[in-house]
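Asks: Got a structure for you, questions after.
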Amino acid sequence: MTEAIVAPRPKPKSARRRAREFAVQGTYQWLMTRDTVNNIDLFIHNSTSYFNKCDEALYRGILFGVIKDAGALTKALEPHVERPLDEVSIVEMAILYTGAFEIISMPETPYPVIINESIELAKTFGGSDGHRFVNGVLDKLAALVRADEFAAAAAKRR
């Protein structure tokens, strides 16, 4: 008699992970269409039956913040990207915008959490090495924007 090999069930996504996924999807839609944030928000709400499982406050904070602060986020990201931003894939730009917004505007969330979440989003939605690119850019941004937190984390790793 042989035993069946059963793959482990994936861990359910947290409400915060779902919120970030929806924020990336909304940011992607905005980058593609330049539609209004209200129309994008309505579309995201109505496009899936599991929207109610996300942290809606986090989702709205990120999506509305990214679109409102896109110019400042672009300026914050540009020095850390070694090519023109218009050459970066739209998926990776959406992830960079959402991650950068959280790093800059949501100091209550530790930057390693934001970067790790962004890496996971890049693995899910981006190209094969997109997660490395996202990691590098957001790591450089965090070192600048959250210098004290960054230094403390680096000291802990030693």
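The values are calculated or read from the model by the stated rules, or taken from the named source; none is laboratory data. Everything numeric in this text was worked out from a predicted model, so none of it was measured. FYI the Cβ positions are ideal-geometry reconstructions off the backbone, even for glycines, and counts take in every protein chain you see. The accessibility values were calculated without ligands, DNA or RNA, using every heavy atom of the protein model including side chains. Shrake-Rupley method; radii C 1.70, N 1.55, O 1.52, S 1.80 Å.
Asks: So which residues in the stretch 86-103 are closer than 17 Å to LYS140 by Cβ, of a type in the set (D, E, K, R) and either open to solvent by 10 Å² or more (accessible area, probe 1.4 Å) or outside any helix (DSSP H, G or I) (or both)?
Replies: GLU92
Asks: Right, next: Of the numbered conditions (1) within 20 Å of ARG17 (Cβ to Cβ); (2) among the basic types (Lys, Arg); (3) in contact with a His (Cβ under 8 Å, 6 or more places away or on another chain), LYS53 fails exactly one; give the number of that condition.
Replies: Failing condition for LYS53: (3).
Asks: Could you check how many residues of the stretch 24-82 are closer than 19 Å to GLU92 by Cα and of a type in the set (Gly, Ala, Ser)?
Replies: Total meeting the criteria: 6.
Asks: Within the stretch 21-73, which residues are in contact with a Leu (Cβ under 7 Å, 6 or more places away or on another chain), of a type in the set (A, V, I, L, M) and within 18 Å of VAL134 (Cα to Cα)?
Replies: Residues satisfying the conditions are ALA23, VAL24, VAL66.
Asks: Residue by residue through the stretch 130-158, note down the ones that are among the small types (Gly, Ala, Ser) and loosely packed, with under 13 Cβ neighbours inside 10 Å.
Replies: Narrowing the stretch 130-158 to residues among the small types (Gly, Ala, Ser): 130, 136, 142-143, 147, 151-155.
Scanning the stretch 130-158 gives ALA147, ALA151, ALA152, ALA154, ALA155.
Asks: Can I ask one more? What helices (runs of 4 or more DSSP H), lying completely within the stretch 20-85, carry at least 3 residues that are over 27 Å from VAL137 (Cα atoms), open to solvent by 50 Å² or more (accessible area, probe 1.4 Å) and modelled with pLDDT of 95 or more?
Replies: Values: elements: 37-46, 56-68, 70-77.
In the stretch 20-85, 37-46 are the helices (runs of 4 or more DSSP H) which contain 3 or more residues that are over 27 Å from VAL137 (Cα atoms), open to solvent by 50 Å² or more (accessible area, probe 1.4 Å) and modelled with pLDDT of 95 or more.
Asks: I need the full set of residues from the stretch 104-129 which are in a loop (DSSP other than H, G, I, E, B), closer than 17 Å to VAL66 by Cβ and either open to solvent by 40 Å² or more (accessible area, probe 1.4 Å) or in contact with a His (Cβ under 6 Å, 6 or more places away or on another chain) (or both), in order please.
Replies: Within the stretch 104-129, just PRO107 meets the criteria.
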